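One structure is given here, and the rest of the page talks about it.
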Amino acid sequence: MSDTADLYKYFEPTVQQNNLALSNIHTLTSWGIGTAAGILGLTGWNGFIFFVASWVVLSTLVLSVKCQGKPSLYFKASIMDVAGTPILNTMLSYVLVWTLMHALVYVYD
């Protein structure tokens, strides 16, 4: 059984499916976190600190819950695929939603 698991450990369609699921998690949570930051009225560095804190919590949850503490079973670059690589794209989505929500909520301030 172990030999079969090692043989299909990095089966490319499975790795692509895992990356797609991870991308969806990051995108949707960045929208939610950006919405929360905009509604809370966070501006400047406070918004970016909120993003980094949320990113750490999200990455920890993905590593512990979804990957069961073993990201190398699901991704080729293990921790970098989960926590490091998608941070820039996620931050761009976060800033977009953050500024949009802040502008909509605090339009008359």
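The values are calculated or read from the model by the stated rules, or taken from the named source; none is laboratory data. As the structure is a prediction and not an experimental result, all values here were calculated from the model. We place every Cβ from the backbone using ideal geometry, glycine too, and count neighbours over all the protein chains shown. When the accessible area is computed, the model is the full protein with side chains, heavy atoms only, and any ligands, DNA or RNA have been set aside. Shrake-Rupley method; radii C 1.70, N 1.55, O 1.52, S 1.80 Å.
Annotations
- When residues of region 65-102 are limited to those that are of a type in the set (A, V, I, L, M) and in contact (Cβ under 8 Å) with a residue 40 or more places away in the chain, the one farthest from S54 (Cα to Cα): L73
- Selected residue (only one of T35, T43, T14 is hydroxyl-bearing (S, T, Y), under 20 Å from Y108 (Cα atoms) and part of a helix (DSSP H, G or I)): T35
- No other residue among L40, L104 is exposed (fewer than 13 other Cβ atoms within 10 Å of the Cβ) and either more than 23 Å from Q16 (Cα to Cα) or β-branched (V, I, T) (or both) apart from L104.
- Index of the failed condition, Y94 passing every other in (1) open to solvent by 90 Å² or more (accessible area, probe 1.4 Å); (2) touching a Ser or Thr at 6+ places or on another chain (Cβ under 8 Å): (1)
- Looking across region 69-89, the residues that are exposed (fewer than 13 other Cβ atoms within 10 Å of the Cβ) and either of a type in the set (V, I, T) or closer than 17 Å to Y10 by Cα (or both) come down to K70, A77, M80.
- Filter result (in contact with a Ser or Thr (Cβ under 9 Å, 6 or more places away or on another chain) and of a type in the set (A, V, I, L, M, F, W, C)) within region 41-62: F51, W55, L58
Residue-wise test of (1) in a helix (DSSP H, G or I); (2) under 12 Å from the mean Cα position of the chain (by Cα); (3) of a type outside the set (D, E).
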| position | (1), (2), (3) |
| --- | --- |
| G69 | no, no, yes |
| F75 | no, no, yes |
| V82 | yes, yes, yes |
| N89 | yes, yes, yes |
| H102 | yes, no, yes |
| V107 | no, no, yes |
